[in-house]
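Structure first, then comments.
The values are calculated or read from the model by the stated rules, or taken from the named source; none is laboratory data. Everything numeric here is computed off the predicted structure, so don't read it as measured data. Reconstructed Cβ throughout: ideal geometry from the backbone, glycine too, with neighbour counts over all protein chains shown. Only protein heavy atoms, including side chains, enter the accessible area calculation; ligands, DNA and RNA are left aside. Shrake-Rupley method; radii C 1.70, N 1.55, O 1.52, S 1.80 Å.
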Amino acid sequence: MHTNAEPRTPPRVAVLLATHMGKPYLDEQLDSILAQAGADLHVYVSDDGSTDGTLEILAERAAADARITILSPETFGAPAPNFFRLLTTIPIEDHDYVGFADQDDVWMPAKLERHIRLLSEGHADGISSNVTAFTEDGSRLLIKKDYPQRLADHLFETPGPGSTFLLTQRFARLVADQLDNADSPARTAFAHDWLIYALARSAGLRWIIDGESTVDYRQHVANAVGANTGLSQAWKRLRLTSNRWHRGQVQLTVEACIHVASPDELPRLQWLHEILAEFTYRDALRLVRRWRQLRRRPRDRAALATLITTGLW
(Lines give C-alpha, C1' and ligand atoms only; values in the text may rest on other atoms or scores of the structure.)
Protein backbone atom coordinates (compact mmCIF):
# COMPACT_ATOMS: atom_id res chain seq x y z
CA MET A 1 0.00 0.00 0.00
CA HIS A 2 1.42 3.33 -1.07
CA THR A 3 1.08 6.55 0.89
CA ASN A 4 1.50 10.16 -0.10
CA ALA A 5 2.60 11.20 3.39
CA GLU A 6 5.56 13.54 3.40
CA PRO A 7 8.73 12.12 4.94
CA ARG A 8 9.34 13.44 8.44
CA THR A 9 12.05 16.06 8.59
CA PRO A 10 14.55 15.74 11.44
CA PRO A 11 14.30 18.30 14.27
CA ARG A 12 16.44 21.38 13.82
CA VAL A 13 18.99 21.71 16.64
CA ALA A 14 21.32 24.60 17.43
CA VAL A 15 24.43 23.53 19.36
CA LEU A 16 26.15 26.39 21.19
CA LEU A 17 29.88 25.83 21.59
CA ALA A 18 31.95 28.20 23.74
CA THR A 19 35.71 27.91 23.21
CA HIS A 20 38.80 29.19 24.98
CA MET A 21 42.27 27.79 24.34
CA GLY A 22 40.71 24.50 23.29
CA LYS A 23 43.06 23.32 20.56
CA PRO A 24 44.08 19.94 22.08
CA TYR A 25 40.54 18.52 22.24
CA LEU A 26 38.42 20.58 19.85
CA ASP A 27 38.54 18.29 16.81
CA GLU A 28 37.43 15.26 18.81
CA GLN A 29 34.52 17.15 20.33
CA LEU A 30 33.39 18.60 17.01
CA ASP A 31 33.53 15.14 15.45
CA SER A 32 31.28 13.74 18.18
CA ILE A 33 28.76 16.58 17.74
CA LEU A 34 28.64 16.59 13.95
CA ALA A 35 28.20 12.81 13.87
CA GLN A 36 24.93 12.97 15.87
CA ALA A 37 22.03 11.17 14.24
CA GLY A 38 18.37 12.12 14.23
CA ALA A 39 18.81 15.88 14.01
CA ASP A 40 19.42 18.63 11.47
CA LEU A 41 22.03 20.38 13.55
CA HIS A 42 24.03 23.58 13.28
CA VAL A 43 26.97 24.46 15.53
CA TYR A 44 27.41 28.09 16.57
CA VAL A 45 30.84 28.88 18.04
CA SER A 46 31.90 31.84 20.16
CA ASP A 47 35.58 32.10 21.10
CA ASP A 48 36.94 33.81 24.19
CA GLY A 49 40.35 35.23 23.32
CA SER A 50 42.11 32.03 22.23
CA THR A 51 45.73 32.36 21.09
CA ASP A 52 46.67 28.67 20.88
CA GLY A 53 45.38 27.86 17.39
CA THR A 54 41.76 27.25 18.37
CA LEU A 55 40.53 29.87 15.88
CA GLU A 56 42.56 28.33 13.07
CA ILE A 57 41.04 24.90 13.74
CA LEU A 58 37.56 26.41 13.81
CA ALA A 59 38.16 28.22 10.52
CA GLU A 60 39.31 25.00 8.86
CA ARG A 61 36.32 23.06 10.17
CA ALA A 62 33.85 25.77 9.14
CA ALA A 63 35.34 25.91 5.65
CA ALA A 64 34.82 22.15 5.31
CA ASP A 65 31.36 21.94 6.89
CA ALA A 66 28.56 24.45 6.32
CA ARG A 67 26.96 23.35 9.58
CA ILE A 68 29.47 25.41 11.57
CA THR A 69 29.10 29.17 12.08
CA ILE A 70 31.78 31.11 13.93
CA LEU A 71 30.78 34.35 15.65
CA SER A 72 33.33 37.15 15.80
CA PRO A 73 35.79 36.48 18.66
CA GLU A 74 35.43 38.52 21.82
CA THR A 75 36.86 38.53 25.34
CA PHE A 76 34.59 37.21 28.11
CA GLY A 77 36.86 35.84 30.82
CA ALA A 78 34.50 33.02 31.82
CA PRO A 79 32.24 30.43 30.16
CA ALA A 80 28.86 31.84 31.30
CA PRO A 81 29.03 35.22 29.52
CA ASN A 82 30.28 33.45 26.41
CA PHE A 83 27.26 31.12 26.43
CA PHE A 84 24.96 34.07 27.19
CA ARG A 85 26.34 35.83 24.11
CA LEU A 86 25.61 32.78 21.99
CA LEU A 87 22.09 32.35 23.30
CA THR A 88 21.17 35.99 22.70
CA THR A 89 22.79 36.11 19.24
CA ILE A 90 21.73 32.98 17.36
CA PRO A 91 18.41 32.84 15.46
CA ILE A 92 16.49 30.74 18.00
CA GLU A 93 13.36 30.81 15.86
CA ASP A 94 15.19 28.81 13.16
CA HIS A 95 15.65 25.83 15.50
CA ASP A 96 13.38 23.42 17.35
CA TYR A 97 15.93 22.79 20.11
CA VAL A 98 19.01 24.47 21.55
CA GLY A 99 21.88 22.55 23.16
CA PHE A 100 25.17 23.51 24.78
CA ALA A 101 28.62 22.01 24.31
CA ASP A 102 31.99 22.36 26.00
CA GLN A 103 35.11 22.28 23.84
CA ASP A 104 36.82 19.36 25.54
CA ASP A 105 34.10 16.75 26.07
CA VAL A 106 32.95 13.88 23.86
CA TRP A 107 29.25 13.33 23.14
CA MET A 108 27.85 9.82 23.06
CA PRO A 109 26.59 8.90 19.55
CA ALA A 110 22.87 8.93 20.39
CA LYS A 111 22.86 11.93 22.76
CA LEU A 112 20.71 14.29 20.69
CA GLU A 113 18.39 11.63 19.34
CA ARG A 114 17.75 10.28 22.85
CA HIS A 115 17.17 13.67 24.44
CA ILE A 116 14.85 14.89 21.69
CA ARG A 117 12.77 11.76 22.23
CA LEU A 118 12.73 12.12 26.02
CA LEU A 119 11.70 15.78 25.83
CA SER A 120 8.87 14.94 23.46
CA GLU A 121 7.64 11.91 25.39
CA GLY A 122 7.90 13.71 28.72
CA HIS A 123 6.34 16.97 27.54
CA ALA A 124 9.36 18.71 29.04
CA ASP A 125 11.23 21.88 28.08
CA GLY A 126 14.69 21.01 29.37
CA ILE A 127 16.85 17.96 29.88
CA SER A 128 20.28 17.17 31.35
CA SER A 129 21.96 13.90 32.24
CA ASN A 130 24.58 11.98 34.12
CA VAL A 131 28.09 12.19 32.71
CA THR A 132 31.21 10.05 32.82
CA ALA A 133 34.30 11.86 34.04
CA PHE A 134 37.47 10.62 32.41
CA THR A 135 41.15 11.50 32.54
CA GLU A 136 44.05 11.03 30.17
CA ASP A 137 45.33 8.05 32.17
CA GLY A 138 42.19 6.11 31.25
CA SER A 139 40.27 6.28 34.52
CA ARG A 140 36.50 6.67 34.22
CA LEU A 141 33.88 7.53 36.84
CA LEU A 142 30.11 7.93 36.50
CA ILE A 143 28.96 11.28 37.88
CA LYS A 144 25.40 10.73 39.06
CA LYS A 145 23.10 13.75 38.78
CA ASP A 146 19.69 12.10 38.50
CA TYR A 147 18.80 12.05 42.18
CA PRO A 148 15.09 12.88 42.58
CA GLN A 149 14.34 16.56 42.12
CA ARG A 150 13.30 18.43 45.24
CA LEU A 151 10.97 21.36 45.81
CA ALA A 152 13.76 23.96 45.65
CA ASP A 153 16.94 22.19 44.46
CA HIS A 154 16.93 24.31 41.29
CA LEU A 155 17.67 27.41 43.37
CA PHE A 156 20.74 25.81 44.99
CA GLU A 157 22.44 23.64 42.35
CA THR A 158 22.68 22.58 38.73
CA PRO A 159 21.02 19.45 37.28
CA GLY A 160 24.30 18.36 35.72
CA PRO A 161 26.87 19.94 33.42
CA GLY A 162 25.52 22.39 30.85
CA SER A 163 27.19 20.29 28.15
CA THR A 164 24.36 17.78 28.60
CA PHE A 165 21.55 20.36 28.24
CA LEU A 166 18.93 20.45 25.51
CA LEU A 167 16.14 23.06 25.57
CA THR A 168 12.97 23.48 23.56
CA GLN A 169 12.73 26.52 21.34
CA ARG A 170 10.15 28.23 23.54
CA PHE A 171 12.24 27.80 26.67
CA ALA A 172 15.45 28.93 24.94
CA ARG A 173 13.56 32.08 23.93
CA LEU A 174 12.45 32.64 27.52
CA VAL A 175 16.04 32.39 28.75
CA ALA A 176 17.35 34.71 26.03
CA ASP A 177 14.66 37.26 26.86
CA GLN A 178 15.67 37.23 30.53
CA LEU A 179 19.34 37.66 29.62
CA ASP A 180 18.28 40.79 27.73
CA ASN A 181 16.00 41.98 30.55
CA ALA A 182 17.63 45.06 32.06
CA ASP A 183 15.63 44.59 35.28
CA SER A 184 16.96 41.05 35.85
CA PRO A 185 20.38 40.05 37.21
CA ALA A 186 20.32 36.93 35.01
CA ARG A 187 23.24 37.96 32.82
CA THR A 188 25.54 38.31 35.85
CA ALA A 189 25.05 34.69 36.96
CA PHE A 190 28.26 32.74 37.43
CA ALA A 191 26.94 29.47 36.00
CA HIS A 192 24.76 29.37 32.89
CA ASP A 193 23.62 25.80 33.61
CA TRP A 194 22.42 26.60 37.13
CA LEU A 195 20.57 29.72 35.92
CA ILE A 196 18.88 27.91 33.03
CA TYR A 197 17.67 25.05 35.23
CA ALA A 198 16.36 27.49 37.84
CA LEU A 199 14.47 29.54 35.25
CA ALA A 200 12.80 26.41 33.87
CA ARG A 201 11.60 25.11 37.21
CA SER A 202 10.58 28.57 38.43
CA ALA A 203 8.51 29.14 35.30
CA GLY A 204 6.62 25.91 36.00
CA LEU A 205 8.23 24.01 33.12
CA ARG A 206 9.20 20.36 33.33
CA TRP A 207 12.87 19.36 33.48
CA ILE A 208 14.18 15.82 33.03
CA ILE A 209 17.47 14.55 34.48
CA ASP A 210 18.40 11.53 32.38
CA GLY A 211 19.98 8.64 34.26
CA GLU A 212 22.04 7.61 31.25
CA SER A 213 25.48 9.15 30.78
CA THR A 214 25.39 11.03 27.46
CA VAL A 215 28.71 12.89 27.66
CA ASP A 216 32.27 11.85 28.42
CA TYR A 217 33.33 14.72 30.68
CA ARG A 218 37.05 15.32 30.28
CA GLN A 219 38.98 16.22 33.42
CA HIS A 220 42.21 18.21 33.15
CA VAL A 221 43.97 21.09 34.86
CA ALA A 222 42.30 23.72 32.66
CA ASN A 223 38.70 22.75 33.52
CA ALA A 224 36.61 25.82 34.33
CA VAL A 225 34.70 23.87 37.00
CA GLY A 226 35.23 20.14 36.68
CA ALA A 227 33.53 17.14 38.19
CA ASN A 228 32.63 17.36 41.85
CA THR A 229 34.77 14.40 42.91
CA GLY A 230 37.75 13.95 45.19
CA LEU A 231 38.96 15.81 48.26
CA SER A 232 40.40 18.77 46.33
CA GLN A 233 37.07 19.51 44.65
CA ALA A 234 35.21 19.08 47.93
CA TRP A 235 37.58 21.52 49.63
CA LYS A 236 37.24 24.02 46.78
CA ARG A 237 33.45 23.96 47.01
CA LEU A 238 33.52 24.19 50.80
CA ARG A 239 35.61 27.36 50.55
CA LEU A 240 33.18 28.86 48.02
CA THR A 241 30.26 27.98 50.26
CA SER A 242 31.74 29.22 53.53
CA ASN A 243 32.83 32.61 52.14
CA ARG A 244 29.20 33.43 51.23
CA TRP A 245 29.79 32.99 47.48
CA HIS A 246 27.19 30.24 47.18
CA ARG A 247 24.64 32.18 49.20
CA GLY A 248 25.18 35.20 46.94
CA GLN A 249 24.61 33.08 43.85
CA VAL A 250 21.42 31.63 45.34
CA GLN A 251 20.20 35.16 46.06
CA LEU A 252 20.97 36.27 42.49
CA THR A 253 19.25 33.18 41.10
CA VAL A 254 16.12 33.82 43.17
CA GLU A 255 15.99 37.45 41.99
CA ALA A 256 16.33 36.37 38.35
CA CYS A 257 13.67 33.67 38.71
CA ILE A 258 11.07 36.00 40.19
CA HIS A 259 10.75 37.59 36.73
CA VAL A 260 9.47 34.34 35.20
CA ALA A 261 7.78 32.74 38.21
CA SER A 262 4.61 30.74 37.78
CA PRO A 263 1.76 31.41 40.24
CA ASP A 264 2.70 28.28 42.19
CA GLU A 265 6.40 29.17 42.38
CA LEU A 266 6.16 32.90 43.09
CA PRO A 267 5.28 32.69 46.83
CA ARG A 268 8.22 30.33 47.44
CA LEU A 269 10.61 32.63 45.61
CA GLN A 270 9.35 35.69 47.45
CA TRP A 271 9.73 33.88 50.79
CA LEU A 272 13.32 32.94 49.99
CA HIS A 273 14.09 36.43 48.68
CA GLU A 274 12.89 37.88 51.98
CA ILE A 275 14.98 35.46 54.03
CA LEU A 276 18.16 36.11 52.05
CA ALA A 277 17.82 39.91 52.15
CA GLU A 278 19.42 40.20 55.60
CA PHE A 279 19.85 36.54 56.56
CA THR A 280 19.84 36.83 60.31
CA TYR A 281 20.26 33.83 62.59
CA ARG A 282 16.46 33.60 62.74
CA ASP A 283 16.36 33.53 58.93
CA ALA A 284 18.93 30.73 58.92
CA LEU A 285 16.76 28.69 61.27
CA ARG A 286 13.72 29.27 59.06
CA LEU A 287 15.66 28.07 56.01
CA VAL A 288 17.29 25.07 57.62
CA ARG A 289 13.86 23.71 58.61
CA ARG A 290 13.39 23.06 54.89
CA TRP A 291 16.81 21.49 54.38
CA ARG A 292 15.39 18.35 52.77
CA GLN A 293 14.09 20.40 49.82
CA LEU A 294 17.30 22.32 49.02
CA ARG A 295 19.51 19.71 47.31
CA ARG A 296 18.90 16.42 45.50
CA ARG A 297 21.62 14.17 46.89
CA PRO A 298 21.06 13.28 50.57
CA ARG A 299 24.64 13.97 51.68
CA ASP A 300 24.58 17.36 49.91
CA ARG A 301 21.38 18.25 51.76
CA ALA A 302 22.97 17.33 55.08
CA ALA A 303 26.16 19.27 54.31
CA LEU A 304 24.23 22.39 53.35
CA ALA A 305 22.06 22.14 56.47
CA THR A 306 25.20 21.93 58.61
CA LEU A 307 26.76 24.96 56.98
CA ILE A 308 23.57 26.99 57.38
CA THR A 309 23.15 25.97 61.04
CA THR A 310 26.77 26.78 61.94
CA GLY A 311 26.69 30.16 60.21
CA LEU A 312 29.24 29.18 57.57
CA TRP A 313 26.86 29.57 54.61
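Modelled label-to-label distance, S262 and L151, 7 Å Cα→beta-carbon offset: nm?
Roughly 1.6 nm, to one decimal.
Would you tally the net charge around A64, using a Cβ to Cβ cut-off of less than 15 Å, leaving A64 out, and scoring K and R as +1, D and E as -1?
On the way: positive: R61, R67; negative: D27, D31, E56, E60, D65.
Spelling it out: positives minus negatives among the neighbours equals -3.
Once the Cβ-Cβ distance between D94 and A64 is put in as r, and R0 is 35 Å, what FRET efficiency do you end up with, to the nearest 0.05?
0.95
At 1.4 Å probe size, with every protein chain present, just tell me what the per residue accessible area of the chain comes to in Å².
In whole numbers, the chain has 47 Å² accessible per residue.
Around L269, with a cut-off of 12 angstrom between Cβ atoms, what is the net charge of the other residues, counting Lys and Arg +1 and Asp and Glu -1?
Overall, the nearby charge balance is -2.
Can you list residues from other chains, or at least 5 along the same chain, whose modelled amide H is less than 5 Å from the amide H of I127?
L166, I208
Between R299 and D177, what is the label-to-label distance in nm when each label sits 7 Å out along the Cα-to-Cβ direction?
Calculated label separation equals 4.2 nm.
By the scheme Lys and Arg +1, Asp and Glu -1, what is the net charge of all other residues having a beta-carbon under 15 Å from that of T88?
Working: positive: R85, R173, R187; negative: E74, E93, D94, D177, D180.
Neighbour charge sum, excluding T88 itself: -2.
Give, in nm to one decimal, the length gained when the segment between R117 and T188 is fully stretched (0.36 nm per residue of separation minus the Cα-Cα distance).
22.3 nm
Pop out the carbon and sulfur fraction of the accessible area of the chain as a percent, whole number, probe 1.4 Å.
Result for the chain: 53 percent of the exposed heavy-atom area is carbon or sulfur.
Which cross-chain or sequence-distant (5 or more) residues have an amide H under 5 Å from the amide H of V215, H modelled 1.01 Å from N in plane?
The list, which skips near neighbours in sequence, is M108, T132.
Hey, with R₀ at 25 Å, roughly what FRET efficiency would R292 and L142 work out to, going by the Cβ-Cβ distance, to 0.05?
Approximately 0.50, to the nearest 0.05.
If you restrict to DSSP beta bridges whose two residues both lie in the chain, what percentage is antiparallel, to the nearest 5? Before the final figure, lay out the partial values.
Details: 11 of 38 bridges.
Around 30 percent antiparallel, to the nearest 5.
Hey, rough spin-label estimate for A78 and Y25, points 7 angstrom out along Cα→Cβ, what's it come to in nanometres?
Distance between the two pseudo-spin positions: 2.0 nm.
Classify region 102-172 from the C-alpha gyration tensor, please: rounded if a/c falls under 1.5, else prolate or oblate depending on whether a/b exceeds b/c.
Oblate is the answer for region 102-172, as a/c is 1.5 or above yet b/c matches or exceeds a/b.
Kirkwood Rh, the chain, all Cα pairs: how many Å?
Result for the chain, one decimal place: 20.3 Å.
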